[in-house]
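Participant: Okay, here's the structure, questions in a sec.
The values are calculated or read from the model by the stated rules, or taken from the named source; none is laboratory data. Remember, predicted model here, so these are calculated numbers, not experimental data. When we count neighbours, we look across all protein chains shown, and the Cβ atoms used for this are built from the backbone with ideal geometry, even at glycine.
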Amino acid sequence: MSSYHGGTESTGEVKIVKDLDASIQGRHCLVVEDIVDTGTTLFKVRNLLQDREPLSLKVCTLLDKPSRRKTPVQVDYIGFTIEDRFVVGYGLDLDGKFRNLPYVGIYQP
Ligand code: 5GP
């Protein structure tokens, strides 16, 4: 799922870039997120997957920015809780850049 479409502010518009190939009906399902920010993306992902009737649905995220939450959403496992900063590296990008950094850093223009 993609919600950024460039820049450091989410558009709030969530796009399915690649849907699941397999059915999750009757299966335990774990969503692995990079970061939960406003919660909009995860809220939509949860609803989308829940409609497919998994046996269970849980979410883990590497990073969580709870102070930015606009949509209350259940996150079952959280790696690190961080402040309201835009972070890059370790898979997190800004317009496709910085994803390869071997650490998580705060982006400063
Ligand atoms: P949300 O819908 O919770 O506002 O945003 C979730 C998505 O926005 C994440 O999966 C991630 O792609 C992107 N995002 C949110 N905060 C950050 C951030 O600090 N750095 C980067 N690189 N992406 C972020």
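Participant: State which residue pairs qualify: first residue farther than 24 Å from THR81 by Cβ and inside the stretch 48-62, second residue among the basic types (Lys, Arg) in any location, beta carbons under 7 Å apart, and separation of 6 or more residues or different chains.
Facilitator: Final answer for the pair search is PRO54/ARG27; LEU55/ARG27.
Participant: Okay, moving on. Just wondering, is there one or more residues in the stretch 59-68 that are modelled with pLDDT of 95 or more and farther than 19 Å from LEU42 by Cβ?
Facilitator: For the stretch 59-68, residues modelled with pLDDT of 95 or more and farther than 19 Å from LEU42 by Cβ: absent.
Participant: Residue check: is VAL75 within 13 Å of the ligand (Cβ to nearest atom) and either part of a strand (DSSP E or B) or farther than 20 Å from SER2 by Cβ (or both)? Give the derivation first.
Facilitator: Working: within 13 Å of the ligand (Cβ to nearest atom): yes; either part of a strand (DSSP E or B) or farther than 20 Å from SER2 by Cβ (or both): no.
Criteria not met by VAL75.
Participant: Of the residues in the stretch 50-71, how many are farther than 22 Å from LEU92 by Cβ and of a type outside the set (Lys, Arg)? Before you say what the answer is, go through the steps one by one.
Facilitator: Keep residues of the stretch 50-71 that are farther than 22 Å from LEU92 by Cβ, which gives 50-57.
Those still in the list that are of a type outside the set (Lys, Arg) too: 50-51, 53-57.
Count: 7.
Participant: Could you list all residues from the stretch 10-42 that are outside any loop (DSSP other than H, G, I, E, B) and either among the hydrophobic types (A, V, I, L, M, F, W, C) or away from the ligand (no atom under 11 Å from the Cβ) (or both)?
Facilitator: Taking the stretch 10-42 and keeping what is outside any loop (DSSP other than H, G, I, E, B), we get 15, 28-36, 40-42.
Once the filter is applied, which keeps residues that are outside any loop (DSSP other than H, G, I, E, B) and either among the hydrophobic types (A, V, I, L, M, F, W, C) or away from the ligand (no atom under 11 Å from the Cβ) (or both), the stretch 10-42 yields LYS15, HIS28, CYS29, LEU30, VAL31, VAL32, ILE35, VAL36, LEU42.
Participant: In addition: Any idea which of PHE80, PHE98 is modelled with pLDDT of 95 or more and surrounded by 13 or more Cβ atoms within 10 Å (Cβ to Cβ)? Steps first, answer last, please.
Facilitator: Working: PHE80 fails: surrounded by 13 or more Cβ atoms within 10 Å (Cβ to Cβ).
So the residue among PHE80, PHE98 that is modelled with pLDDT of 95 or more and surrounded by 13 or more Cβ atoms within 10 Å (Cβ to Cβ) is PHE98.
Participant: For the structure I just gave you, tell me whether LEU42 is touching a helix residue (DSSP H, G or I) at 6+ places or on another chain (Cβ under 9 Å) and among the aliphatic types (A, V, I, L, M). Spell out how you get there, then give the answer.
Facilitator: Values: touching a helix residue (DSSP H, G or I) at 6+ places or on another chain (Cβ under 9 Å): no; among the aliphatic types (A, V, I, L, M): yes.
When the stated conditions are applied, LEU42 does not pass them.
Participant: While we're on this one: Output yes when any residue across the stretch 70-85 is closer than 14 Å to THR40 by Cβ and among the charged types (D, E, K, R), and no when none is.
Facilitator: Looking for residues that are closer than 14 Å to THR40 by Cβ and among the charged types (D, E, K, R), one finds at least one in the stretch 70-85, hence yes.
Participant: Another question, then. I'm trying to understand the selection: among the residues of the stretch 78-109, which are in a strand (DSSP E or B), more than 9 Å from the ligand (Cβ to nearest atom) and either of a type outside the set (Gly, Ala, Ser) or in contact (Cβ under 8 Å) with a residue 60 or more places away in the chain (or both)? Please lay out each step first, then the result.
Facilitator: Here is the first cut: in the stretch 78-109, the residues in a strand (DSSP E or B) are 78-81, 87-89, 92, 94, 97, 105-106.
Then drop every residue that is not more than 9 Å from the ligand (Cβ to nearest atom), which leaves 78-81, 97, 105.
Answer for the stretch 78-109, where residues must be in a strand (DSSP E or B), more than 9 Å from the ligand (Cβ to nearest atom) and either of a type outside the set (Gly, Ala, Ser) or in contact (Cβ under 8 Å) with a residue 60 or more places away in the chain (or both): ILE78, PHE80, THR81, LYS97.
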